[in-house]
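We did not get these values from a lab; they are worked out from the coordinates using the rules stated. Because the structure is a prediction, the values reported are computed rather than measured. Heads up, the Cβs are rebuilt from the backbone with ideal geometry, glycines too, and the neighbour counts pull from every protein chain shown.
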Amino acid sequence: MRLTRFTDNALRCLTYLGLHESETSTVTDVARRMSMSEDHLMKVVQRLASLGYVETIRGRNGGVRLALDPAEIRIGTVVRQTEDNLNLVECFDAALNTCPIAASCQLASALDEALSAFLSVLDKYTLRDLLQQPRRLERLLRA
């Protein structure tokens with residue numbers, strides 16, 4: 001399984017904002033420091049704001065900041081809400097399924113179990129857990 005760039009950028013953005021929890025950051029600064037496209041990050045921030053993870057502030061001193069305590073942000077939930085498609089194989093989507101053996105195939109149930117386990121592990125972690133080494137993370141952002 002591979003997460004989309006959108007989800008990766010959402011998690012990286014949340015991590016950056018978590019490191020700077022008491023500040024308002026600009027999208028430009030987050031994008032530059034986290035090595036991502038500013039245009040793409042704008043879309044990510046809009047989605048994170050609509051989900052209630054961040055708040056955006058307009059105006060001269062505007063920017064973006066966390067709307068929740070990092071301990072309240074579950075990584076598994078963020079992944080579920082930012083991935084556009086968690087269907088590992090075609091047969092996970094009945095409308096698109098063309099597999100002739102889907103009705104008796106055991107692969108789908110094994111993959112579904114694996115996906116559930118993957119998300120279950122991510123559900124154990126919060127953004128706070130990802131911020132356990134703030135000094136090291138900050139040093140890497142300055143490098």
**Prompt:** For residue 86, which of the numbered conditions (1) touching a Leu at 6+ places or on another chain (Cβ under 8 Å); (2) buried (at least 16 other Cβ atoms within 10 Å of the Cβ) fails to hold?
**Reply:** (2)
**Request:** Might you check whether a residue that is farther than 26 Å from residue 136 by Cβ, in contact with a helix residue (DSSP H, G or I) (Cβ under 8 Å, 6 or more places away or on another chain) and loosely packed, with under 15 Cβ neighbours inside 10 Å occurs anywhere in segment 13-34?
**Result:** no
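Out of everything in segment 120-138 that is outside any helix (DSSP H, G or I) and over 18 Å from residue 81 (Cβ atoms), what residue ends up being nearest to the chain's Cα centre (by Cα)? Spell out the reasoning first.
In the first step, residues of segment 120-138 are kept if they are outside any helix (DSSP H, G or I); the result is 124-126, 131-133.
Imposing the further condition that a residue be over 18 Å from residue 81 (Cβ atoms) reduces the set to 131-133.
On the way: 131: 15, 132: 18, 133: 19 Å.
Filtering first and then ranking leaves 131.
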**Prompt:** Is there a residue in segment 84-107 that is within 14 Å of the chain's Cα centre (by Cα) and closer than 15 Å to residue 17 by Cα?
**Reply:** no
**In segment 68-78, residue surrounded by the most Cβ atoms within 10 Å (Cβ to Cβ) [restricted to those that are under 11 Å from residue 14 (Cβ atoms) and hydrophobic (A, V, I, L, M, F, W, C)]** = 73
**Request:** Please state which one of 65, 58 is surrounded by 14 or more Cβ atoms within 10 Å (Cβ to Cβ) and among the charged types (D, E, K, R).
**Result:** 65
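Condition (residue is more than 14 Å from the chain's Cα centre (by Cα) and under 16 Å from residue 13 (Cβ atoms)) applied to segment 49-56: is it met by at least one residue? Outline the logic, then answer.
Looking only at segment 49-56, we keep the residues that are more than 14 Å from the chain's Cα centre (by Cα), and these are 55-56.
Pick out the ones that are also under 16 Å from residue 13 (Cβ atoms) and you get 55-56.
Checked segment 49-56: at least one residue is more than 14 Å from the chain's Cα centre (by Cα) and under 16 Å from residue 13 (Cβ atoms).
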**Test set (1) surrounded by fewer than 14 Cβ atoms within 10 Å (Cβ to Cβ); (2) within 20 Å of residue 41 (Cβ to Cβ); (3) touching a residue at least 60 places away in the same chain (Cβ under 8 Å); (4) not charged (D, E, K, R) - residue 141 fails condition number** = (1)
**Prompt:** Can you find even one residue in segment 101-116 that is charged (D, E, K, R), touching an Asp or Glu at 6+ places or on another chain (Cβ under 8 Å) and either surrounded by 13 or more Cβ atoms within 10 Å (Cβ to Cβ) or touching a residue at least 60 places away in the same chain (Cβ under 8 Å) (or both)?
**Reply:** no
